[in-house]
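These notes are about the structure you will find just below.
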C-alpha cells in the first residue's frame with residue numbers, strides 16, 4: 001500500500017494527471033474536439049510511460065473532459081460534448097441574465113461533487129454494483145428509455161404539445177441510417193454519409209450554437225437588440241452552495257446509477273437528473289426551470305461527472321466499457337498490460353487502489369482548474385457580438401468538420417442551425433429534439449431485441465421487475481397530469497397554467 | 001507595358017508547364033527511388049481508439065525507421081458509414097502512394113454488396129495484411145454445454161431456440177454464423193448488438209445464451225472462467241485458445257477472420273506499392289510493434305499483396321452468397 005501511495009504521489013504522476021485534466025477540459029470545451037479524441041491521441045504517447053502515470057493521465061482526461069463542455073455550453077450555447085447538452089437548459093439562460101460567473105461556479109462545484117461521490121461509490125461497492133448493471137437486458141433498456149421520453153414534458157417549457165411534436169421529429173431523425181437489427185440502410189437516399197445516421201455532435205452544434213448566431217444576427221438587423229449584458233464576477237458562498245445539498249446528492253446518485261449500466265450514455269443521465277430535480281422542486285420553483293436557475297445547472301453538471309465513477313465500475317470489474325470514452329480507456333489499459341475484468345482486483349490490487357487515489361486527485365485538480373478558469377473565461381460574455389459571433393461560427397464549422405474529417409458534417413451543422421432557428425422562432429422547444437435523437441436508437445433496437453428473444457411475446461416488459469417499474473413510472477408520468485387536470489375541471493376549478501413535470 | 005507583362009506571364013506559364021511535364025515524364029524507376037518525398041497519410045475509417053486505429057498507430061510509431069528518406073506516416077481518422085466513407089476516400093485519392101488506407105472485412109467485403117460502394121476488392125491495390133483475429137462462439141460458465149458437440153446436439157434438437165449476440169447486423173460474426181446455419185441446417189436466433197462489448201455484456205447478464213465475438217474481446221472473461229469458448233469460427237487458432245477447435249476441424253467449411261490491411265488507390269505504381277509493402281512488413285516485425293500488439297491481444301498476421309487480394313476476393317464472394325441466402329440482399 002505504501003508503495004502504491006509513493007507511486008501516485010510521485011511528481012511525474014501528479015504532473016501527468018494535472019496535464020490530463022487540463023487537456024480534458026480544453027478538449028471538451030472546444031466544439032469538435034472530444035475527450036475521446038484526446039485520450040486516443042495520447043495513448044501512443046503513454047506507450048513509453050510506466051503503468052501508474054500512464055493510466056493516471058488517461059483518467060485525468062476523462063474527468064476533465066466531462067466538465068469542460070459546460071463552459072462553452074453556458075457561455076456561448078455551444079455544447080462541446082453531448083454530455084453538456086442538458087447544461088444549456090439553465091446554463092445559457094443564466095449567462096443571458098448576466099449570471100455566467102455563478103453558473104460556471106456551480107457547474108464546477110457540481111462536477112467536483114459528482115465526481116467525488118461517484119468515486120467513493122466505486123471504491124466501496126464496485127463489484128456488487130457491477131452485477132446489477134448486467135441485469136439490464138434489452139427489456140430493461142427499452143423501459144429505461146421510454147421512461148426517459150417522459151421527460152419531454154419537463155423540458156418543453158410552456159407548450160407540451162409542441163414539445164411532443166419535436167420529440168417525435170427527433171425520434172424520426174434517429175431512424176436515419178443503418179437499421180440496427182436488420183442491417184439495412186434507411187432514409188439515406190443512397191448517401192454513404194448518412195449510413196451511420198445523422199452525426200450527433202454536428203447536429204447538436206447546429207441546433208444550439210448556429211441557430212443562436214442566426215438569431216443574434218436577426219436581432220441586430222431588425223434592431224431588436226437586447227440590453228448589453230455585463231459579466232459580473234460573482235462568487236458563491238459556501239452557505240449558498242450547501243443550500244443545494246439535496247440537488248448535489250440526487251444528481252450524484254442518478255449519474256452513478258446510469259454510469260453503472262453499460263451502454264446508456266452520459267447525456268441520458270443529465271436529462272434524467274434534470275427531470276428529477278424539477279419533479280422534486282417546490283411547485284412555485286418548478287416554473288423557473290429553463291429560465292436560468294442554479295438547480296438546473298447543478299443537476300446536469302453534477303450528474304455527468306458522477307457518471308465517471310459509475311462507468312468505471314463495469315470497466316474495471318468486468319472489462320466492459322459502457323461508452324466510447326471508456327472503450328478508448330480500455331485500449332489504453334490493455335496497452336499498459338492491465339486487463340480489466342474479474343481478475344483485476346485479485347491480481348493487481350495495488351494498481352486498482354492507485355487508480356482510485358488518482359481519480360480523487362484528478363477531481364481535486366479539476367475543481368482547482370475550473371475555479372481558476374472561471375475568473376477568465378467568463379469574460380467571453382463581454383466580447384462584442386460582432387467579434388464573438390464570427391468566432392463562434394468558425395468554431396462550430398471547424399469543430400463539425402474535425403470530428404471525423406468530413407465536410408458533410410459541416411452541412412449537417414448548418415442544416416440543423418436553420419432547423420433550430422426556425423423551431424425556436426415558432427416557439428418549438430429544442431431539447432426534446434435532442435432527447436428524441438438520443439433515445440430513439442435505444443428504444444428501437446432494444447424493443448426489437450426483446451421481441452426477438454421472447455419470440456414476439458410483449459408481456460416480458462411487465463414480467464421483468466426492473467422493466468415493469470420503469471414502464472409503470474413512465475405511464476403514470478404521462479397520465480398523471482391529464483387526470484389532475486380532469487379532476488380540477490370536474491370540481492369546477494380553472495385549470496392552472498402550470499407546467500407540470502411529466 | 002501591358003503587353004510585356006502578358007508576354008512575361010506567358011513565358012512563366014510555359015516554363016511552369018515544361019517543369020510540370022519533365023517532372024511527370026521522369027522514369028518510374030527514379031520516382032520509386034525517391035518515394036516518399038513527403039509524409040504519407042493513412043486513412044483509418046474508424047474513430048480513434050478502436051483496434052484498427054490503435055494497431056495503425058502502433059505501426060506508424062516505428063515506420064519512419066523503415067521508410068526510405070526518413071519520412072513519417074500520419075494517421076487520419078475518417079469514420080462513418082461503417083468504414084465506407086474512409087475507404088471511399090482512399091479509393092478516390094491520387095494514386096501516388098501518399099494517401100493510403102487501413103481497411104477491414106466490413107467496408108471491403110460486406111458493404112460493397114449492401115451499400116453500392118464506389119469500390120470493390122478488385123478495384124483497389126492491396127499493400128499488405130497486418131492483423132487478423134478469429135471469432136469464437138462463447139457461452140456462460142454455467143451453460144449446460146461443455147463442448148462443441150454437446151452444443152451442436154442441443155441446437156439441432158431445438159431449432160430456433162438458441163439465442164446468440166454479435167457485434168452487429170451484417171458483420172463478419174453474423175455472416176459467419178449464417179454460413180454455419182446454411183451448411184449445417186441448424187437454426188439459431190441472432191440478436192445483434194452495437195459492438196463486441198455490449199454483445200459480451202448481454203451474454204454475461206444472461207440475456208442471450210451465446211455470443212460470437214472476436215477472441216480479443218472474449219479473452220479476459222475466458223481467462224477468468226466466466227465464459228467458455230466452444231468453437232473458433234476463424235481460420236487459425238489464436239494464442240491462449242489452442243484447445244478450442246476450429247469449425248473446419250469439425251467438418252464445417254466456415255473460416256472467416258476479421259482482418260485489417262493496407263490498401264492504395266487503383267493504379268498506384270507497382271514500385272510505390274513495393275516500397276510501402278516492404279516498409280510495413282519490417283514495421284510489423286519490429287519488436288515494439290509485436291509487444292504492443294501482444295498487449296492488445298491482436299495477432300500480427302502478414303499477407304503479401306497477392307495473398308491479401310485473394311483473401312479479400314474470397315470473403316467478398318462468400319459474403320455475397322451468405323447475404324443473399326440470409327435475404328439481406330437480392
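No lab work stands behind these numbers, since they all come straight from the coordinates. As the structure is a computational prediction, the values presented were derived from the model and not from experiment. Because the Cβ atoms are built from the backbone with ideal geometry, glycine has one as well, and the counts that use them run over all protein chains shown.
Annotation: the antiparallel percentage among DSSP beta bridges lying fully within the protein assembly as shown is about 60. Under 1.5 on a/c is rounded, so check that first for the range B:135-250, then, if it is not, pick prolate when a/b is larger than b/c and oblate when it is not; a ≥ b ≥ c are the square roots of the alpha carbon gyration tensor eigenvalues. In terms of gyration-tensor shape, rounded. Considering only alpha-carbon pairs that sit under 8 angstrom and 6 or more positions apart, the relative contact order computed for chain A is 29 percent. Gain on full extension, evaluated as 0.36 nm per residue between residue A:125 and residue A:291 minus their Cα-Cα distance, stands at 56.0 nm. For the range A:102-228, the Kirkwood radius over C-alpha pairs fed into Stokes-Einstein at 10 °C and 1.306 mPa s yields D = 82 µm² per second. The calculated FRET efficiency for residue B:271 paired with residue A:391, based on their beta-carbon distance and R0 = 60 Å, is about 0.80. Applying 1/(1 + (r/R0)^6) with r as the Cβ-Cβ distance of residue B:329 and residue A:463 and R0 = 35 angstrom yields a FRET efficiency of 0.40.
Length gained on full extension, residue A:191 to residue A:284, computed as 0.36 nm times the residue gap minus the Cα-Cα distance: 28.5 nm. Computed on the Cα trace of the range B:87-187, the radius of gyration divided by the Kirkwood hydrodynamic radius gives Rg/Rh = 1.12. For the listed peptides A:320-328, A:269-277, A:45-53, a ranking on the average number of other beta carbons within 10 Å per residue, highest first, reads A:269-277, A:320-328, A:45-53.
Annotation: the antiparallel percentage among DSSP beta bridges lying fully within the range B:89-241 is about 60.
The helix-based estimate of mean residue ellipticity at 222 nm for chain A, built from -39,500 (n - 2.57) per DSSP H run of four or more residues and divided by its residue count, is -23000 deg cm²/dmol to the nearest 500.
Between B:159, B:198, B:126, the Gaussian network model of chain B with springs among Cα atoms under 10 angstrom shows the greatest mean-square fluctuation at B:159. Cα convex hull, chain B: 148 Å³ per residue, rounded to a whole number.
Normalised by the number of residues in the range B:135-250, the average gap of Cα pairs under 8 Å and 6 or more apart makes the relative contact order 37 percent. Among A:333, A:458, a tally of other beta-carbon atoms within 10 Å of each Cβ gives an order, fewest to most, of A:458, A:333. The shape of the range A:2-490 comes out rounded: with a ≥ b ≥ c from the C-alpha gyration tensor, a/c is under 1.5. Computed from the Cβ-Cβ distance with R0 of 60 Å, the FRET efficiency linking residue A:239 to residue B:146 stands at 0.40. In whole angstrom, the range A:286-445 maps to an equivalent ellipsoid with semi-axes of 36, 22, 19, each derived as √(5λ) from the alpha carbon gyration tensor and ordered largest first.
Its relative contact order, with pairs defined as Cα atoms under 8 Å and 6+ residues apart, puts chain B at 25 percent. Where a ≥ b ≥ c are the square roots of the eigenvalues of the C-alpha gyration tensor, would you call the protein assembly as shown rounded, which needs a/c under 1.5, or, failing that, prolate if a/b is larger than b/c, or oblate? It comes out oblate by the Cα gyration axes.
Spin-label pair residue B:294-residue B:92: with each label point 7 Å from Cα along the Cα-Cβ axis, the two points sit 4.3 nm from one another. Between the range A:321-350 and the range A:292-316, the C-alpha centres lie 22 angstrom from each other.
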